[in-house]
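J.: One structure coming up, written as structure tokens, with questions to follow.
The values are calculated or read from the model by the stated rules, or taken from the named source; none is laboratory data. None of the values given here were measured: they were computed from a predicted structure. Cβ atoms come from the backbone with ideal geometry, glycine included; neighbour counts cover every protein chain shown. We work out accessible area using only protein heavy atoms, side chains counted, and drop any ligands, DNA or RNA first. Shrake-Rupley method; radii C 1.70, N 1.55, O 1.52, S 1.80 Å.
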Amino acid sequence: MSEVRNIFILCEEGLEALAPHIKDALEEVMSYFPEHKDDYPIKILGNWKNKGYKRINEEGHEVLVPYESMDWYIARAKRCSKNEGRFQKTGQISINQLCSDLISDPYTKTIPQWSVFVTKHDLYATGMNYCLGFSQENKFAIVSTARFVDENNKLDLENFKTVLMHEFGHLIGLTNKKRVHTQELLGTHCTNEGCIMQQRMNGDFTDLTRARLKRKHSEAPPICDDCIREGRKFFVRQKLAYNLIHEGELSR
Ligand SMILES: [Zn+2]
Ligand SMILES: [Zn+2]
């Protein structure tokens, strides 16, 4: 059996202990696609740093090499926020910058992958006060823990997991525009009661977490039948694309 893609979990420094919980949450979603899950091994890269992720520049300063560490992505998003006069006031970093850097990551061309990128920094998008996360279908998911941490630095793990699974759900195409029972609300979202792929405009996913845990208790999936059906179609399309590429390689 060949792997179609790796799912890489990246965690900013200080969040390493969260990685196994992230893995559990992703495995839980993938378990509803039993015929596909083995094609997508989930690997914890943690606070990823490649060899040679730092170098000395001409002025003798140590600099981060582009795309070679999680630190580089964070530093870029921070700098963007500083340039926009935001970091100084809010400590937030730019999700727009993170997205464009993840999209242009040259490694995605050589190592088929989906990245699940978890930061402790609060995120903002252009024109928005904050955002919990963002996903690009078939590419990556970004989630911040910042809004789930209380004043004692304690993480509300279950609420965080709901948002993480929700963003991962977008990554695997669960809320396709052409699907039934969806609405456009900051992206396409499911409208089915109790499904974690619904949107919450106030950023409060507590009711969806409650519903998710209740469903889990009775061994029901966190996502609805429409989402599961759409996910299956997504995985079939992935497999077809994969087979096409590899048949092409064989006949060359
Ligand atoms: Zn969403
Ligand atoms: Zn749904």
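J.: If I build a Gaussian network model for the chain, linking alpha-carbon pairs within less than 10 angstrom, which residue out of SER69, SER100, SER218 has the largest mean-square fluctuation?
T.: In this elastic network of the chain, the residue with the biggest mean-square fluctuation among SER69, SER100, SER218 is SER218.
J.: Here's something else I'd like to know. Two decimals is fine: what's Rg over Rh for the range 6-251, C-alpha atoms, Kirkwood radius as Rh?
T.: Numbers: Rg = 18.5 Å, Rh = 19.0 Å.
Here the Rg-to-Rh quotient is 0.97.
J.: Taking the Cα centre of the chain as the origin and placing charges on Cβ (Lys, Arg +1; Asp, Glu -1), which of ILE7, THR182, ASN138 is farthest toward the positive end of the dipole?
T.: The listed residue farthest towards the positive side: THR182.
J.: Turning to a different aspect of this structure: How long is the range 1-103 along each principal axis, judged by its Cα atoms, biggest number first, in Å?
T.: Its Cα atoms span 52, 32, 26 Å along the three principal axes.
J.: Put one equal scatterer on each alpha carbon of the range 138-252, apply the Debye formula with no solvent term, and list log10 I(q)/I(0) at q = 0.15, 0.16, 0.20, 0.22 1/Å to two decimals.
T.: At q = 0.15, 0.16, 0.20, 0.22 Å⁻¹ the computed log10 ratios are -0.71, -0.78, -1.08, -1.24.
J.: Per residue, how much accessible area does the range 1-73 show when a 1.4 Å probe rolls over the protein heavy atoms, in square angstrom?
T.: 53 Å²
J.: Work out which helices of the chain, taken as complete DSSP H runs, extend at least 15 Å along their axis over the Cα atoms and score a mean Kyte-Doolittle of -1.0 or more, then list them.
T.: Counting only whole DSSP H runs, the qualifying helices are 19-30, 157-171, 225-251.
J.: Just for the chain, what percent of DSSP beta bridges are antiparallel, to the closest 5?
T.: Details: 13 of 30 bridges.
Around 45 percent of the beta bridges assigned by DSSP in the chain are antiparallel ones.
J.: Please report, for the Cα atoms of the range 115-201, the Rg to one decimal and the Dmax as a whole number; what are they, in angstrom?
T.: 13.2, 44
J.: Using a 1.4 angstrom probe on heavy atoms only, work out the carbon and sulfur share of the accessible area of the range 157-252 in %.
T.: Ligands and nucleic acids excluded, carbon and sulfur give 54 percent.
J.: I would also like to ask the following. How big is D for the range 189-252, in µm² s⁻¹ as a whole number, if Stokes-Einstein is applied with the Kirkwood radius of its Cα pairs at 4 °C and 1.567 mPa s?
T.: The diffusion coefficient I find is 92 µm²/s.
J.: Tell me the mean residue ellipticity at 222 nm calculated for the chain from its helices only (DSSP H runs of n ≥ 4, each -39500 (n - 2.57), averaged over every residue, nearest 500).
T.: -12000 deg cm²/dmol
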